[in-house]
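Working notes, structure below.
The values are calculated or read from the model by the stated rules, or taken from the named source; none is laboratory data. Every value quoted in this text rests on a predicted model; they were computed, and no experiment measured them. Positions of Cβ are generated from backbone atoms using ideal geometry, with glycine treated the same way; all protein chains shown enter the neighbour counts. When the accessible area is computed, the model is the full protein with side chains, heavy atoms only, and any ligands, DNA or RNA have been set aside. Shrake-Rupley method; radii C 1.70, N 1.55, O 1.52, S 1.80 Å.
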Amino acid sequence: MAAPHREGKVVHRREEEAEARESTERFCLLGALLAPIRVLLAFIVLFLLWPFAWLQVAGLTEEQLQEPITGWRKTVCHNGVLGLSRLLFFLLGFLRIRVRGQRASRLQAPVLVAAPHSTFFDPIVLLPCDLPKVVSRAENLSVPVIGALLRFNQAILVSRHDPASRRRVVEEVRRRATSGGKWPQVLFFPEGTCSNKKALLKFKPGAFIAGVPVQPVLIRYPNSLDTTSWAWRGPGVLKVLWLTASQPCSIVDVEFLPVYQPSLEESKDPTLYANNVQKVMAQALGIPATECEFVGSLPVIVVGRLKVALEPQLWELGKVLRKAGLSPGCVDTGAEPSRSRMIGQEEFARQLQLSDPQTVAGAFSYFQQDAKGLVDFRDVALALAALDGGRNLEELTRLAFELFAEEQAEGPGRLLYRDGFSTILHLLLGSPRPAASTLHAELCQEAPSQGLSLCQFQNFSLHDPLYGKLFSTYLRPPHTPRGTSQIPNAISPGSPTALANGTMQAPKQKDD
């Protein structure tokens, strides 16, 4: 009886595979028909939004725009943009927006915080929120149509190139949030960038600086196939747009949680306030609240008083070199201690014995370049030494110190100053330089000088209960034989994520 039973299973599996193939073929055919029509119509509607957005601010001075727009402009243009925006998302396949909970009034909650931020489709949350004001980059004003919509929205603009811009944004957020209901609500995506919805990134404090009550807003895409996620190392804009437009129907759930009333301590400490709201939203979503955040395009996590990369560029460099068949231990770098030697791409290729131009350019890009496009050869020497399995941690940290320590201005001996310390931590741990500089200043408070001796540096990197474990996790996997450079596993026990969370649980990789 066993043989017929097995044959029946085989037949059933083949039937399932055939159904899956037919389903895929139908999906591809449907996508080929739906996607181009939907995207074309959506772009037409996007450009139809422009006259309404322009009309609301036409003829108004900058001084008049410092107050909320009222009267016929508000009625006609606001309703026009709201209706066309809903049509735009409908054409892209978002046939249903399911709303749960009750949106608070502007007096009850001047600020809305939405998460998780996982896609460029997330502005759909503005529709059930009645088009609240947003915070955006000033550079977006030059983007056709988008710039007009930001002016229509009276968005709060922040410039990456103006150091005083962030201070003005903080003041403007506080002014609007404490206007007693005069201004519409302001909506923030406090994660600051898109994630894969598996966990909440660390909330930035901007939405919480005013210390006023906020209403958390949850965004979910409960579709059988996830086509909307647009995260780090994920599919690009066009692919996400095409796949989503190919779906017969996409659904988005928007849930308004109860208003969060800050305590006196939270109202005075935006970081504490942000962390506690993050935990509330993560619990409601059923996902972890992490310390992970993005510094530029680099995902980092907080370990103690230091920010470290989830995947330092050193690991990526190791993969590139191994793919090229290069063993870091076979390269004679010849870098001189304490002396900078700047090299170009040609000498870099010669020193590393690389011939493929694409590999050379890729490996060279992992190092910080000066205005002339040159890199410090000491950086290269330390990176290769870290990737080589022939040195133990004590030898490696001693080499790092010797390469970047400087002679004292007064007195004998050499010390590791801020720039050298920051370079070492950036190369080995992927730490952003400002964070490393801050930690160096704190370590030097315990010393009479502004630099660290070799003993002090090795006490920090080898013997500190937290940072010593961090160095060993990143730089020396157990039993690494010479010449077989290995990459520490980012999701192994003792990883930076586990160290930051105080657990030994392995989180999911970002690609999941």
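Observations
- The set of residues in the stretch 267-283 being within 20 Å of Gly192 (Cβ to Cβ) and in contact (Cβ under 8 Å) with a residue 24 or more places away in the chain consists of Pro270, Thr271, Tyr273, Ala274, Asn275, Val277, Gln278, Val280, Met281, Ala282.
- The residues on offer are Leu403, Leu399, Leu384, and the sole one that is open to solvent by 20 Å² or more (accessible area, probe 1.4 Å) and at pLDDT 85 or above is Leu399.
- Residue within the stretch 216-224 that is closer than 20 Å to Leu92 by Cα, under 21 Å from the mean Cα position of the chain (by Cα), modelled with pLDDT under 90 and not aliphatic (A, V, I, L, M) present: no
- Residue match in the stretch 381-397 (condition: touching a strand residue (DSSP E or B) at 6+ places or on another chain (Cβ under 8 Å) and of a type in the set (A, V, I, L, M, F, W, C)): no
- Near pairs, Cβ below 9 angstrom, 6+ apart or cross-chain, from the stretch 64-85 (farther than 21 Å from Ile156 by Cα and hydrophobic (A, V, I, L, M, F, W, C)) to any residue that is in a helix (DSSP H, G or I) and open to solvent by 30 Å² or more (accessible area, probe 1.4 Å): Val76/Phe52; Val76/Leu55; Leu84/Leu46; Leu84/Leu48; Leu84/Phe52
- Where a residue in the stretch 431-443 is among the hydrophobic types (A, V, I, L, M, F, W, C) and its partner, wherever it lies, is assigned to a helix (DSSP H, G or I), with Cβ under 6 Å and at least six apart: Ala436/Ser422; Ala436/Leu425
- Check on Arg106, touching a strand residue (DSSP E or B) at 6+ places or on another chain (Cβ under 8 Å), open to solvent by 30 Å² or more (accessible area, probe 1.4 Å), not in a helix (DSSP H, G or I) and not aliphatic (A, V, I, L, M): no
- Qualifying residue in the stretch 172-180 (condition: assigned to a loop (DSSP other than H, G, I, E, B) and β-branched (Val, Ile, Thr)): yes
- Condition met for Gln154 (open to solvent by 30 Å² or more (accessible area, probe 1.4 Å) and either over 26 Å from Gln215 (Cβ atoms) or in contact (Cβ under 8 Å) with a residue 24 or more places away in the chain (or both)): no
- Qualifying residues in the stretch 66-96 (those that are among the hydrophobic types (A, V, I, L, M, F, W, C) and either open to solvent by 40 Å² or more (accessible area, probe 1.4 Å) or assigned to a loop (DSSP other than H, G, I, E, B) (or both)) - the one nearest to Gly181 (Cα to Cα): Ile69
- Complete set of residues in the stretch 109-138 that are in contact (Cβ under 8 Å) with a residue 60 or more places away in the chain, open to solvent by less than 20 Å² (accessible area, probe 1.4 Å) and assigned to a strand (DSSP E or B): Val111, Leu112, Val113, Ala114, Ala115
- Subset of the stretch 238-252 that is hydrophobic (A, V, I, L, M, F, W, C) and within 17 Å of Leu87 (Cα to Cα) - its residue that is most open to solvent (accessible area, probe 1.4 Å): Cys249
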